[in-house]
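What follows is one structure encoded as structure tokens, with my remarks underneath.
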Amino acid sequence: MNYTKEILEEFLSSQNEKKFKATQIFEWLYQKKDYNFDNFSNVGKDLISKLKETFKVEFISIEKVLEGPLVKKFLFRLKDNEKVEAVLMEHDYGLSVCVSSEVGCNMGCAFCESGRLKKRRNLETYEMVEQIILIEDYIKAKVSHVVIMGIGEPFDNYDNVINFVKIINDAKGLAIGSRHITISTCGIIPKIEEFMNLDWQVNLAISLHAPTNELRNKIMPVNKVYSLDKLIDTIKKYIQKTNRRVTIEYVMLNMVNDREIDAINLSKLLKGMNVYVNLIPYNETAHIEFSRSKKENVIKFSNILKKNNINVTIRKEFGGNIKAACGQLRSESD
Ligand code: SAH
């Protein structure tokens with residue numbers, strides 16, 4: 001279902017039906033998980049026929065599941081036989097799913113597996129919602145956290161991603177709290193601004209990965225369009241407007257961005273900002289020119305940030321051994 005509550009409400013109003021029926025329809029779809037309109041016992045027969053004429057319910061399916069300790073990786077088949085993946089992680093605070101937002105990705109980050117395949121299309125809203133619904137069905141438990149950090153650039157598929165968040169966040173939808181949802185972007189500035197103006201409590205994470213334009217240009221082509229200095233200004237505006245802390249993602253690439261000088265430059269760049277830096281151990285892929293940073297260098301890097309009063313954590317690792325890294329399962333199955 002691509003339809004948010006607002007879209008359903010508009011439809012109901014146009015049919016001279018009561019708007020609150022949207023809530024009932026949401027309950028059937030997302031809480032009772034009944035997709036057969038004929039079963040909607042509190043919805044009148046006439047409205048049911050109108051719903052059937054207007055709204056189609058389409059499905060994706062689970063193609064493959066790989067299981068590791070505390071992690072399950074799902075490969076989904078879409079109706080046009082494209083494939084995307086999602087990862088379920090068991091944290092001490094709950095169950096979190098990392099969803100994909102596009103088939104492929106056009107951002108072309110040099111170290112990332114997803115971008116090996118150019119974007120073929122956006123994911124529809126329902127294709128994102130169903131990644132979670134199918135996982136919940138499979139594990140017979142509720143997902144508590146969602147991160148939009150799978151294949152794709154969510155802000156390159158802005159409208160569908162925003163509708164997805166509305167549906168999973170709706171109390172009668174999947175009821176996942178705003179603060180339990182995170183959107184991760186490589187830094188599409190106009191969309192960060194649009195997102196900021198929604199004034200939501202949803203978390204924003206920025207894939208920064210380099211403390212200077214020179215280095216960022218080399219590993220993230222998006223920086224040639226939206227440069228680091230402008231991105232930092234936008235993040236500052238975002239923090240001021242929303243009063244929310246922003247996550248800075250920084251993937252640790254051996255001898256590329258993990259040197260002492262990089263840690264010093266990053267500290268200067270982020271000085272005084274309400275951010276926390278998440279150092280991501282690199283999952284090695286077919287991009288042989290990149291390798292993961294040595295553990296002692298990650299710790300050294302982290303200590304330099306701490307010394308400069310920057311909040312920092314080292315991301316816990318899940319599933320490196322089950323090809324949970326960004327796009328690996330899919331590119332293998334292609
Ligand atoms: N396009 C969005 C979201 C998808 S990528 C973004 O750029 O934020 C999610 C995160 O995983 C990004 O920070 C990305 O840079 C990082 N990433 C990509 N390939 C990786 C790899 N092989 N190992 C570790 N992190 C990786």
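Here is how the numbers come out for the structure above:
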| read-out | value |
| --- | --- |
| First in region 285-299 and closer than 11 Å to VAL256 by Cβ, second anywhere and assigned to a strand (DSSP E or B) and not small (Gly, Ala, Ser), Cβ under 6 Å, 6 or more apart | PHE290/LEU253; ARG292/PRO281; SER293/MET252 |
| Criterion violated by GLY94 - all others in (1) out of contact with any strand residue (DSSP E or B) (no Cβ under 6 Å at 6 or more places or on another chain); (2) over 30 Å from ASN257 (Cβ atoms) satisfied | (1) |
| Subset of region 144-172 that is in contact with a helix residue (DSSP H, G or I) (Cβ under 6 Å, 6 or more places away or on another chain) and within 12 Å of the ligand (Cβ to nearest atom) - its residue that is farthest from SER100 (Cα to Cα) | PHE155 |
| Unmet criterion (only one of (1) touching a residue at least 24 places away in the same chain (Cβ under 8 Å); (2) within 29 Å of LYS140 (Cα to Cα)) for PHE11 | (2) |
| Filtered residue count, region 172-231, keeping only those that are over 13 Å from the mean Cα position of the chain (by Cα) and among the β-branched types (Val, Ile, Thr) | 8 |
| Filter result (open to solvent by 70 Å² or more (accessible area, probe 1.4 Å) and either of a type in the set (Val, Ile, Thr) or not in a loop (DSSP other than H, G, I, E, B) (or both)) within region 23-38 | GLN31, ASP38 |
| Filter result (outside any strand (DSSP E or B), more than 11 Å from the ligand (Cβ to nearest atom), open to solvent by less than 30 Å² (accessible area, probe 1.4 Å) and of a type in the set (A, V, I, L, M, F, W, C)) within region 64-119 | LEU78 |
| So VAL103, is it closer than 24 Å to THR4 by Cα, assigned by TED's automatic domain parsing to the domain that holds GLU153 and out of contact with any helix residue (DSSP H, G or I) (no Cβ under 7 Å at 6 or more places or on another chain) | yes |
| Scan of region 132-159 for residues that are more than 12 Å from the chain's Cα centre (by Cα) and of a type in the set (S, T, N, Q), ordered by number | SER144 |
| So ILE139, is it touching a Pro at 6+ places or on another chain (Cβ under 8 Å) and open to solvent by less than 50 Å² (accessible area, probe 1.4 Å) | no |
| VAL165 vs. criteria without any contact (Cβ under 8 Å) to a residue 60 or more places away in the chain, over 26 Å from PHE55 (Cα atoms) and either open to solvent by 10 Å² or more (accessible area, probe 1.4 Å) or outside any loop (DSSP other than H, G, I, E, B) (or both) | no |
| Extreme residue, farthest from ALA86 (Cα to Cα), among residues of region 39-63 that are acidic (Asp, Glu) and surrounded by 12 or more Cβ atoms within 10 Å (Cβ to Cβ) | GLU58 |
| Search result, residues across region 168-185 that are open to solvent by 10 Å² or more (accessible area, probe 1.4 Å) and in a loop (DSSP other than H, G, I, E, B) | ASP170, ALA171, LYS172, ALA175, GLY177 |
| Residue match in region 178-186 (condition: over 22 Å from ILE280 (Cβ atoms) and not polar (S, T, N, Q)) | no |
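The values are calculated or read from the model by the stated rules, or taken from the named source; none is laboratory data. These numbers come from a predicted model, not from an experiment. A quick note on method: Cβ atoms are made from the backbone with ideal geometry, for glycine too, and the neighbour counts reach across all protein chains shown. The protein model used for the area step is the full one, side chains on, heavy atoms only, and it has no ligands, DNA or RNA in it. Shrake-Rupley method; radii C 1.70, N 1.55, O 1.52, S 1.80 Å.
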